[in-house]
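A.B. asks: Below is a structure I'd like to ask you about.
Here, each number is a calculation from the coordinates, and none is a lab measurement. Nothing here was measured: the structure is a model prediction, and the numbers come from that model. Positions of Cβ are backbone-derived with ideal geometry, glycine not excepted, and every protein chain shown enters the neighbour counts.
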Amino acid sequence: MKLVYSLKLFLISPLLFLSTQCLAQALSPAAFHQAPDITGIAEKTKTSPLDDSVFATAPNEISLDFPQRVRLVKLTLRNQERGWVDIQFRYNPVAGSNFSLDLPKLEPAIYYTADWAILGLNDRLIRGSFSFAFGSGAKRPSLIKEEEDILLDQRTGDGDPTTRFVTPPRTQIIINQDPPSFDPPFTIKLDADSLPN
C-alpha cells in the first residue's frame, strides 16, 4: 500500500508542477495601475508650483495643500530623464494638511515632475504628481509629454496605449581604462622539512 501511494505521488507530482496554478503567468497591464482615488483628495490638492506651469526662473520651494489632514509618505522630484533631485524629504508620521520644502538650485531641464503619496483615511495609499518647467524657451510639460507619446507611437508603430517608454538612466562611458587587476589568492606550502622540530 505504501509503495503504491509513493508511486502515485511520484507520477502525479510532475503534473502538479506543470499545472496552470504553478506556471508563471504574464502580468496584465491592470496589475501595474493603482485603483482610482475614490476620495477625491488628489483632485482637491493644491500644489505649488501648479501642475503644467512654466516659469522664467526656477521655483524656490515646493508645497502641497491637502483638503484634510493626511500623512505624507513620499515626495520626490525628478527631471524628464528620471534624474532624481535630493529635496531632503523625510517621512514624519504626524498628520498635516500643508507641506512645503525649500528646493535646492535646480539645473536646467526640459521639465521636472514631483511625485507624492499620502496615507489618507483608513491608511489608504493615494498618489499624485505634478510637473513644471522653467527657463527661456520652456514649454508646458503636457505638450512635451504629448510629443514624446507621438514619437513613441512612431517608434513602436502599434499605437497601443499600454506601451510605455521609459528613458534609460544616464550612463558614463569610460574609454582607455585599464581592466582591474586582482592579486591571486596566496597559498602556503608546508613541507615536512620546513616544519620546526
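A.B. asks: Mind checking region 76-112 for trypsin sites (Lys or Arg not before Pro) that DSSP puts in a loop (not H, G, I, E or B) and that have at most 13 other Cβ atoms within 10 Å?
C.D. replies: Details: sites: R78, R82, R90, K105; in loops: R82, R90, K105.
Those satisfying the criteria are R82, R90, K105.
A.B. asks: Sort region 30-156 into rounded, prolate or oblate with this rule: let a ≥ b ≥ c be the square roots of the eigenvalues of the Cα gyration tensor; rounded if a/c is under 1.5, and if a/c is not under 1.5, prolate when a/b is larger than b/c, oblate otherwise.
C.D. replies: Numbers: a/c = 2.06, a/b = 1.31, b/c = 1.57.
Oblate, since a/c reaches 1.5 and b/c is not below a/b.
A.B. asks: So if I place +1 on the C-beta of Lys and Arg and -1 on the C-beta of Asp and Glu, and nothing else carries charge, what would the dipole magnitude of region 30-156 be about its Cα centre? I want it in debye, nearest 20.
C.D. replies: On the way: 15 positive and 17 negative charges, 79 e Å.
It works out to roughly 380 debye.
A.B. asks: For Cα pairs less than 8 Å apart in space and 6+ apart in sequence, what is the mean separation divided by the residue count of region 30-156, i.e. the relative contact order in percent?
C.D. replies: Taking the mean separation of contacting Cα pairs over the length of region 30-156, I get 29 percent.
A.B. asks: Longer than 23 Å from Cα to Cα, which of K44/K74; K105/K139; K74/K139 are they? Say none if no pair is.
C.D. replies: Pairs exceeding the cut-off: K74/K139.
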